[in-house]
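Values quoted throughout were computed directly from the atomic coordinates according to the rules given, and no laboratory measurement underlies them. The shown structure was predicted, so the numbers you read here are calculated from the model rather than taken from an experiment. For neighbour counting, all protein chains shown are included, and Cβ atoms are generated from backbone atoms with ideal geometry for every residue, glycine included.
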Amino acid sequence: MDNTDMKQIQWFPGHMAKTRRLIASNLSLVDAVVEIVDARSPLSSRNPEMDHLTKNKPRLVILNKSDLADDKTTQRWINYFRSEGSEAIAVDCKSGKGLKSILPVIKKSVLKELMDKRARNGMTGAAVRLMIVGIPNVGKSSIINKLAGSKRAKVEDRPGVTRTKQWVKLDDNTELLDMPGVLWPKFEDQDVAIRLAFTGAISDDILDIETLAMKLLSYLAENYPESIIERYNIDISDNETGLDLLENVGKKRGMVISGGEINTERAAITVIDEFRGGKLGRISLENPPEKEL
Ligand code: GDP
């Protein structure tokens, strides 16, 4: 992508440093880290520092919003994370799919070693403590609320834990550290920034909405042509530009300004909203990196 397209990206090193410290200083309090990512863009929606920050802790990667992503691609991502040494599962807070398997997977797989050791020592009732991390908008609050339900209440203050953090009880012996820190995505890479803008994880101000919609339409025309052919009833020829596609959508939807000109801004807002709302179907925005053989 051309650099001139992009308005200046806000990057918050101060906040990042604060969250980094918060995670590092609380890591010793937990047995495992639960990292939430967006199933549509699992790498772009994670902070690459996470691997380094939490490297000594068992980890579960949760691909949330799997209702919006392409199932086949999500399965490939699960295989990818497993090949990288992290357990991974897909969930969807909208229908609740997969949520019930989170705690069993943590206890039976992610923390198998710890649980076996506790069983040997007759300590099976000891609490399992988890930390949840993820960039804004991936669904952390939704998952915590679904897991904790009516039990979402303060467990107790622990020494060394300030008032801004809370332990949330998930079941009889599982507690989750609910931290206020904001883990910003790292979007210096422009393709990453665009995927985050498509899903609404970062502000729409990064690119103007028409440029964003043109890029999305070009991606869809190449990777999921049926999604826009069916939704907007448009033809797609080989060499259509993003602008052609956007104008076609506007034309089909009757978005015309006086004088016959197409209102591409309205068309762009429609495309972006409908994509985010899942109305264009289940779409993944990135594929797992190819492994070298
Ligand atoms: P947080 O910033 O990581 O805590 O994310 P939130 O829990 O606030 O969720 C961000 C947005 O995504 C909200 O509008 C949620 O309703 C929506 N959301 C969360 N999980 C899912 C999901 O699995 N599927 C869909 N379609 N939307 C979801």
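On a straight-distance basis, which aspartates and glutamates could pair with Lys55 in a cross-link, Cα separation under 16 angstrom, same-chain partners fewer than 8 positions away excluded?
Asp31, Glu35, Glu84, Glu87
Whole-Å semi-axes of the stretch 207-276's equivalent ellipsoid, largest first, each the root of 5 times a Cα gyration tensor eigenvalue?
Semi-axes from the Cα gyration tensor: 18, 13, 11 Å.
Connecting C-alpha atoms closer than 10 Å in a GNM of the chain, tell me which of Asp238, Asp116, Asp92 has the biggest fluctuation.
Among Asp238, Asp116, Asp92, the largest mean-square fluctuation in the Gaussian network model of the chain belongs to Asp238.
Note down the relative contact order for the chain as a percent, whole number, built from C-alpha pairs under 8 angstrom at least six residues apart.
Numbers: 433 pairs, mean separation 61.4, N = 293.
Worked out over the chain, it gives 21 percent.
Go ahead and estimate [θ] at 222 nm for the chain from helices alone: -39,500 (n - 2.57) per DSSP H run with n ≥ 4, summed, over the residue count, rounded to 500. Could you put the intermediate results ahead of the total?
Values: 11 runs with 111 residues, N = 293.
Helix contribution divided over all residues of the chain: -11000 deg cm²/dmol.
At Ser83 and Lys291, where each label point lies 7 Å from the Cα along Cα→Cβ, what is the point-to-point distance in nanometres?
Simple spin-label model gives 0.4 nm for this pair.
Would you mind working out the magnitude of the charge dipole of the chain relative to its Cα centre, with +1 at each Lys and Arg C-beta and -1 at each Asp and Glu C-beta, to the nearest 20 Debye?
So the dipole magnitude of the chain works out to roughly 2140 debye.
Relative to the Cα centre, what is the charge dipole magnitude of the stretch 176-293, using +1 at the beta carbon of each Lys and Arg, -1 at the beta carbon of each Asp and Glu, and rounding to the nearest 20 debye?
Details: 12 positive and 23 negative charges, 95 e Å.
In debye, rounded to 20, the stretch 176-293 gives about 460.
Can you give me the convex hull volume of the Cα atoms of the chain, divided per residue and expressed in Å³? Present the calculation step by step, with values, prior to reporting the outcome.
Values: hull volume 47.5 nm³, N = 293.
Residue-normalised Cα hull volume stands at 162 Å³.
Report the gain in length on full extension from Arg76 to Ala24: 0.36 nm times residue separation, minus Cα-Cα distance, nm rounded to one decimal. Could the numbers behind the result be given before it?
Values: separation 52, 0.36 × 52 = 18.72 nm, distance 3.04 nm.
Using 0.36 nm per residue and subtracting the Cα-Cα distance, I get 15.7 nm.
Taking 0.36 nm per residue of sequence separation and subtracting the Cα-Cα distance, how much length would be gained by fully extending the chain between Glu261 and Asp208, in nm to one decimal?
On the way: separation 53, 0.36 × 53 = 19.08 nm, distance 1.92 nm.
This chain segment gains 17.2 nm when fully extended.
If you take the charge dipole of the chain about its Cα centre, with +1 on Lys and Arg Cβ and -1 on Asp and Glu Cβ, which of Gly259, Val37, Met131 is farthest toward its positive end?
The one lying farthest along the dipole's positive direction is Met131.
Count charges around Ala119 for me, please; just the other residues with Cβ under 13 Å from its Cβ, Lys/Arg as +1, Asp/Glu as -1. Please list the in-between numbers first.
Details: positive: Lys107, Lys108, Lys112, Lys117, Arg118, Arg120; negative: Glu113, Asp116.
Neighbour charge sum, excluding Ala119 itself: +4.
Evaluate Rg over Rh across the stretch 11-178, taking Cα atoms for both radii and Kirkwood's formula for Rh. Kindly include the intermediate steps, with their values, before the conclusion.
On the way: Rg = 15.7 Å, Rh = 16.5 Å.
Value, to two decimals: 0.95.
Which residue, Arg195, Arg46, Arg21, has the most motion in a Gaussian network model of the chain that connects Cα atoms within less than 10 Å?
Arg21
All other residues with a Cβ under 13 Å from the Cβ of Arg266 taken together, and with Lys, Arg as +1 and Asp, Glu as -1, what is their net charge? Please list the in-between numbers first.
Numbers: positive: Lys251, Lys252, Arg253; negative: Glu210, Glu247, Glu261, Glu265, Asp273, Glu274.
That works out to -3.
Could you work out how far apart the two model spin labels at Glu49 and Ser109 are, taking each label as a point 7 Å from the Cα in the direction of the beta carbon, and quote it in nm?
Computed distance between label sites Glu49 and Ser109 equals 2.9 nm.
Leaving out same-chain residues fewer than 8 places away, which lysines sit with a Cα under 24 Å from that of Lys215?
Output for Lys215: Lys7, Lys65, Lys72, Lys186, Lys251, Lys252, Lys279.
Within the stretch 191-233, list the residues whose amide N lies under 12 Å from a label point set 7 Å along Cα→Cβ of Lys252.
From the stretch 191-233, the list is 221, 225-233.
Give the relative contact order (percent, whole number) for the stretch 207-276; include only Cα pairs under 8 Å separated by 6+ residues. Walk me through the numbers before you get to the answer.
Numbers: 71 pairs, mean separation 25.4, N = 70.
Over the stretch 207-276, the number comes to 36 percent.
Highest mean first, how do 167-177, 33-43 rank when packing is the count of other Cβ atoms within 10 Å averaged over residues? Present the calculation step by step, with values, prior to reporting the outcome.
Numbers: 167-177: 17.9, 33-43: 25.4.
My ranking of the peptides, most packed first, is 33-43, 167-177.
How charged is the neighbourhood of Ala221? Take every other residue with its Cβ under 10 Å from the Cβ of Ala221, and add Lys/Arg as +1 and Asp/Glu as -1. All intermediate terms of the calculation are to be shown ahead of the outcome.
Values: positive: none; negative: Glu222, Asp238, Glu240, Asp244.
Charge balance in the 10 Å sphere: -4.
Relative contact order (percent) for the stretch 11-178, with alpha-carbon contacts under 8 angstrom and 6 or more residues of separation?
Relative contact order comes out at 23 percent.
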